[in-house]
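Computed from the coordinates by the stated procedures, all read-outs in this text should not be read as laboratory data. In this text the structure is predicted, and so the values were computed from the model without any measurement. Cβ placement follows ideal geometry from the backbone for every residue including glycine, while neighbour counts extend to all protein chains displayed.
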Amino acid sequence: MSDERSGFRSSDERAGFEITPEFERFNQKYDVFRRSWWDERVKSDKSALFYRTYREALESWRKADGFTQKDYALRNAAWHVSDIFTELKESEDRREGFTDAFTLQREVASERTEFESPEVAAREMKRVAKAFGASLVGITELDERWMYTSKFSDISLTEKPNDIPAGLDWVVVTAQQMDYDWIRTVPSALSGAATGLGYSHDALVVLSTAQYIRNLGYNAIASMNDSSLAVPYAIKAGLGEYSRLGLLITKEFGPRVRLGKIFTDLPLATDAPIRFGVKEFCDICRRCSDACPVKAISAGEPTTEVHNESNLRGVRKWSIDGERCFDYWVKQNSDCAICLRVCPYNKDFSRWWARAGRVLAGTPLRRLMLWLDKRLGFGERWKPREWWTRTG
């Protein structure tokens, strides 16, 4: 599908995408997590131990606050529902939700429910997805540029075709908020529970919503980290903006979200990208790049330069050095989200003052907001043991 015929170029401008002639679609094989299974530059005994700790008890527990047996136990329990789905079809060389789309669905109904219009259908899909637990829902068109050229199996260590069938021209994008207090304890094994629970909730939402669509007589494929890049779809679906830390920033939860996708042939009205000043704020803010212990986040301007194979080519943006980032995860024996914790958009927006700060960040007074954010101590680490001893 050409840019001219689909209108993607004008949509790219609204989304803030700067795509150059050197653009190349991404092969899942080069995702840094996939590389940790086959690429000697990323793969190590420590990375193997890192993965095992999400399934098995560590032989010894770190004495540091946030890395006790209770912290790891909670983290792994939060991942448990997502893990069940991921492991169900490993005997078929499928890790659904992470390297493969979900096939855990009943057949498409033989009779089809007709909708008055794509707008009516879109409103209903959003209502249903939120009823199943989605924090945010947006809709956009399928864009082949963000689909993986090939998938990669962590089990057989082989490339596989991307098996999202043709004709699923609409994408329902969901976002699951992650727990604010857990993220405040980063870096810790306890904070990893926020990620795990986000994925476990996401699996429920995308599987249930996709099955609802299938029950209406339309095809729908539920997806999490597999099959495509998630952030570009979320931006095009109006869920938020791109940021210096390489993640989506939403108005409701800042960067504290996990993303899911549902590919469907049900005609749906699409949402427009939104802008609320994130790019302009990130231009002056260096909280994430300054706080990153391994300097994996750029402190400069957006660029088309790449760090390694794990970066998307041909897009002018802030790119993360995934090799440095993942190496720190492995050394910590848990995922890191320091950049999320310190981000000035990481707030509890149920508070009026947090919403006021978000508005200020989108104005020429954004430097004042940044100064206030630092002055008031936002982004400082909360001791994990305080979460365990908190009452109420």
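Tell me, how many Å apart are the Cα centres for region 109-144 and for region 219-247?
Taking the Cα centre of region 219-247 as reference, the centre of region 109-144 is 16 Å away.
Quick one: net charge around Phe276, please, counting Lys, Arg +1 and Asp, Glu -1 for every other residue with C-beta under 15 Å from its C-beta.
Taking every other residue near Phe276 into account, the sum is +3.
How do His307, His201 rank when sorted from fewest to most other Cβ atoms within 10 Å of their own Cβ?
His307, His201
For Val257, which sequence-distant residues (separation of 5 or more, or a different chain) have an amide H within less than 5 Å of its own amide H, given hydrogens modelled in the peptide plane?
So Val257 has HN proximity to Met178.
Could you calculate the FRET efficiency of Arg375 with Thr113 from 1/(1 + (r/R0)^6), where r is the beta carbon distance between them and R0 is 41 Å, rounded to 0.05?
0.15
Kindly write out, for region 29-35 in residue order, the coupling ³J(HN,Hα) from the Karplus curve 6.51 cos²θ - 1.76 cosθ + 1.60 (θ = phi - 60°), rounded to whole Hz, with x marking Gly and Pro.
Karplus-based 3J(HN,Hα) across region 29-35 equals 4, 9, 4, 4, 6, 5, 4 Hz.
If R₀ is 30 angstrom, what is the calculated FRET efficiency for the pair Ala77 and Ala269, using the beta carbon separation as r and rounding to 0.05?
E(calc), rounded to 0.05, equals 0.15.
Helix by helix, which DSSP H runs in the chain go 18 Å or more along their axis at the Cα atoms and have an average Kyte-Doolittle hydropathy of -1.0 or more?
Result, helices passing both filters: 69-87, 118-131, 192-215.
Round to the nearest 0.05 the FRET efficiency obtained for Asp169 and Ala356 when R0 = 41 Å and r is the Cβ-Cβ distance.
Calculated value: 0.50.
So what is the calculated 222 nm ellipticity per residue for the chain, using -39500 (n - 2.57) for each DSSP H run with n of 4 or more, over all residues, to the nearest 500 deg cm²/dmol?
Taking each H run of at least 4 residues, the total per residue is -11000 deg cm²/dmol.
Gly322: net charge of surrounding residues, Cβ under 12 Å, Lys/Arg +1, Asp/Glu -1, itself excluded?
Every neighbour counted, the sum reads -2.
For a test of the definition: using alpha carbon positions, the gyration tensor, and the 1.5 limit on a/c, classify the chain as rounded, prolate or oblate.
rounded
Relative contact order for the chain: what is it in percent, counting Cα pairs under 8 Å that are at least 6 residues apart?
About 22 percent, as a whole number.
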